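Asks: There's a structure below that I have some questions on.
All of the numbers you see were taken from the coordinates with simple rules; none came from a lab. Everything numeric here is computed off the predicted structure, so don't read it as measured data. Glycine gets a Cβ as well: all are built from the backbone with ideal geometry, and neighbour counts include every protein chain shown.
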Amino acid sequence: MKSSNPVLGRISAAAQQPRYSVPGQGAPAGYPQADGQGYGYPEVVQTGHADRMTIDDVVVKTVTLLAITAVSAAITWALVPLEMVRTVWWAAAILGLVVGLVISFAQVTNVAVIAGYAVVEGVFLGAVSKAYEYLFEGIVLQAVIATLGVFLAMALLYKAKIIRATPKFMKVVIGIAAGLGIVMLVNVVLYFVTGSVGPLRDGGPIAIGFSLVCIVVAALMFVVNFKQIEDGVAAGLPRKYGWLGAFGMLVELVWMYLEFLRLLSYLQGDD
């Protein structure tokens, strides 16, 4: 799993200030400490409002990335023969992991790089989805509906302020998500070494429980991303940071979709 989108903390200072920090604010992923309190923020170029990040702009960018991913997935599904699916699956997964980590830690806002990531994720999802659909007819549509349903539910809960992304909430959720990412990465390495998926992915009770935990954490990561995007808008960040917000949403949607695929496959039978 890739890290969450590193878009910034809320501030109340005027947008004309070249640098911001908020004492006691929760840590946006990937940003350094500033003066021993709060977190440092990248310099905000003094531009007109048209050149600043907005919620609507992030929504458009997110939809754009999802469309690129969907088209790439559809092409992969249609063109890659079933016997080549697993090879394409793993190649795209490894490339996507590397590119995703580079985007996250280097805070890349280049449109071509992030769009390229969406293409790679589409290839990965197309191969994975074709394999699962071959084994469990109808499972892809179920996973898509479940993923979108959870996303919309979390968006409504956040909008209604039923779930609040406090600094402590963000630190805990990001920490748990990072821990799960490490566990999953170790499990993949063990799979390549031993040839066994282990109890976390074998379809048994532990695997079902692990997927449920991952789905819950992925849902809470939506709230973290909503807050980071909202704070980036409040900070008056340049529009290019909207691509990082969209990237973060794509990462979480892909993760949740994969976990729903796994969970539904466990409930329908052995992989």
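Asks: Would you mind checking the pairs Lys61/Lys227; Lys130/Lys171; Lys130/Lys240; Lys159/Lys240 and listing those with alpha carbons more than 27 angstrom apart?
Replies: Working: Lys61/Lys227 17 Å; Lys130/Lys171 36 Å; Lys130/Lys240 34 Å; Lys159/Lys240 24 Å.
Correct reply: Lys130/Lys171; Lys130/Lys240.
Asks: May I pose another question? Which FRET efficiency value, to the nearest 0.05, is calculated for Val102 and Glu137 with the Förster distance at 51 angstrom and r the Cβ-Cβ distance? Mind showing how you got there, number by number?
Replies: Details: r = 37 Å, r/R0 = 0.73.
The pair Val102/Glu137 has a calculated efficiency of 0.85.
Asks: A follow-up question, please. Express in nm, to one decimal, how much length is gained between Arg239 and Val193 on full extension, taking 0.36 nm for each residue of separation and deducting their alpha carbon distance.
Replies: Details: separation 46, 0.36 × 46 = 16.56 nm, distance 4.41 nm.
My answer for the length gained is 12.1 nm.
Asks: Under the 0.36 nm per residue contour assumption, what length would be gained going from the current alpha-carbon distance of Val186 and Leu157 to full extension?
Replies: Working: separation 29, 0.36 × 29 = 10.44 nm, distance 3.33 nm.
My answer for the length gained is 7.1 nm.
Asks: Compute the Cα gyration tensor for the range 49-268, then decide on rounded, prolate or oblate, letting a ≥ b ≥ c be the square roots of its eigenvalues: rounded whenever a/c is under 1.5, prolate when a/b is larger than b/c in the other cases, and oblate in all that remain. Don't jump to the answer; show the numbers that get you there.
Replies: Working: a/c = 1.74, a/b = 1.38, b/c = 1.26.
Here the range 49-268 falls in the prolate category.
Asks: Classify the range 106-173 from the C-alpha gyration tensor, please: rounded if a/c falls under 1.5, else prolate or oblate depending on whether a/b exceeds b/c.
Replies: Details: a/c = 2.75, a/b = 1.30, b/c = 2.12.
Here the range 106-173 falls in the oblate category.
Asks: Can you sort Lys240, Lys227, Lys130 by how many other beta carbons sit within 10 Å, fewest first? Please report the intermediate quantities before stating the final value.
Replies: Numbers: Lys240 15, Lys227 23, Lys130 20.
If I rank by nearby Cβ atoms, fewest first, I get Lys240, Lys130, Lys227.
Asks: Could you state the number of Å between the C-alpha centres of the range 140-201 and the range 230-268?
Replies: A separation of 10 Å, based on Cα centres.
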